[in-house]
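Asker: Below are the structure tokens for one structure; questions will follow.
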Amino acid sequence: MKNSILLFSILISISVFAQDKDEAQILALSKRKFEWMKSAKLDSLNALVDDRLSYIHSNGWVQTKREFLDDFTNGKLVYHDVVVSEANARVYKGSAVVTGKGQFTTTMNNNRTSVSLMFTEVYIKEKGNWKLVSRHANRLP
């Protein structure tokens, strides 16, 4: 009986540690994504973003993967700074959800703006790699 309880406790500890490790990994990836967006690292973004991406901006503008990537080269949208003030991750079997808040400074259609946003990102794990499949943002007051 004692051995069963000990084994069960060890398995629970391993599972919690793996969950924490996965959460830290996905938060770090989300942070790197913002850095890649600021520096327009298209190769890195292309590898991260799923082909069926739905990227929803706070103004209701929805982008596909192609539109998302193209806007880094055509100058339609430029990310100058992203300061995430809060971020949390929940990892599930094969997927993860990141929620956060931050200050986003961008230029869109030649208009520079800085807005406070709340965002949700959904990732799936495919062939051992995380892919961003959906992102949605709302303006904060």
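Residues are listed down the side, and each one gets a yes or a no for (1) modelled with pLDDT under 95; (2) part of a helix (DSSP H, G or I); (3) of a type in the set (S, T, N, Q):
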{"residue": "Ile5", "(1), (2), (3)": "yes, yes, no"}
{"residue": "Ile26", "(1), (2), (3)": "no, yes, no"}
{"residue": "Arg32", "(1), (2), (3)": "no, yes, no"}
{"residue": "Asn46", "(1), (2), (3)": "no, yes, yes"}
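Asker: Among the numbered criteria (1) free of Cβ contacts under 8 Å to residues at least 60 places away in the same chain; (2) under 14 Å from the mean Cα position of the chain (by Cα); (3) within 21 Å of Asp22 (Cα to Cα), which single criterion is violated by Val83?
Answerer: Among (1) free of Cβ contacts under 8 Å to residues at least 60 places away in the same chain; (2) under 14 Å from the mean Cα position of the chain (by Cα); (3) within 21 Å of Asp22 (Cα to Cα), the lone unmet condition for Val83 is (3).
Asker: Looking only at the stretch 107-123, count every residue that is assigned to a strand (DSSP E or B), of a type outside the set (Lys, Arg) and over 11 Å from the mean Cα position of the chain (by Cα) and tell me the total.
Answerer: Here is the first cut: in the stretch 107-123, the residues assigned to a strand (DSSP E or B) are 107-108, 111-123.
After this cut, where a residue has to be of a type outside the set (Lys, Arg) as well, the list is 107-108, 111, 113-123.
Filter again for over 11 Å from the mean Cα position of the chain (by Cα), leaving 107-108, 111, 113-118.
Adding up the residues that qualify gives 9.
Asker: Scan the stretch 85-96 and give yes if some residue there is farther than 23 Å from Leu140 by Cβ, among the charged types (D, E, K, R) and either at pLDDT 95 or above or surrounded by 14 or more Cβ atoms within 10 Å (Cβ to Cβ) (or both), otherwise no.
Answerer: Taking every residue of the stretch 85-96 in turn, none turns out to be farther than 23 Å from Leu140 by Cβ, among the charged types (D, E, K, R) and either at pLDDT 95 or above or surrounded by 14 or more Cβ atoms within 10 Å (Cβ to Cβ) (or both).
Asker: Considering only residues that are outside any strand (DSSP E or B) and of a type in the set (S, T, N, Q), look in the stretch 54-102 and name the one that is nearest to Ile124 (Cα to Cα). Steps first, answer last, please.
Answerer: To start, the set of residues in the stretch 54-102 that are outside any strand (DSSP E or B) comprises 57-61, 64-76, 93-94.
Subsequent filtering for residues that are of a type in the set (S, T, N, Q) retains 58-59, 64, 73-74.
On the way: Ser58: 23, Asn59: 25, Thr64: 17, Thr73: 26, Asn74: 28 Å.
Selected residue: Thr64.
The values are calculated or read from the model by the stated rules, or taken from the named source; none is laboratory data. These figures come from a predicted structure and were not determined experimentally. All Cβ positions, glycine included, derive from the backbone under ideal geometry; neighbour counts span all protein chains shown.
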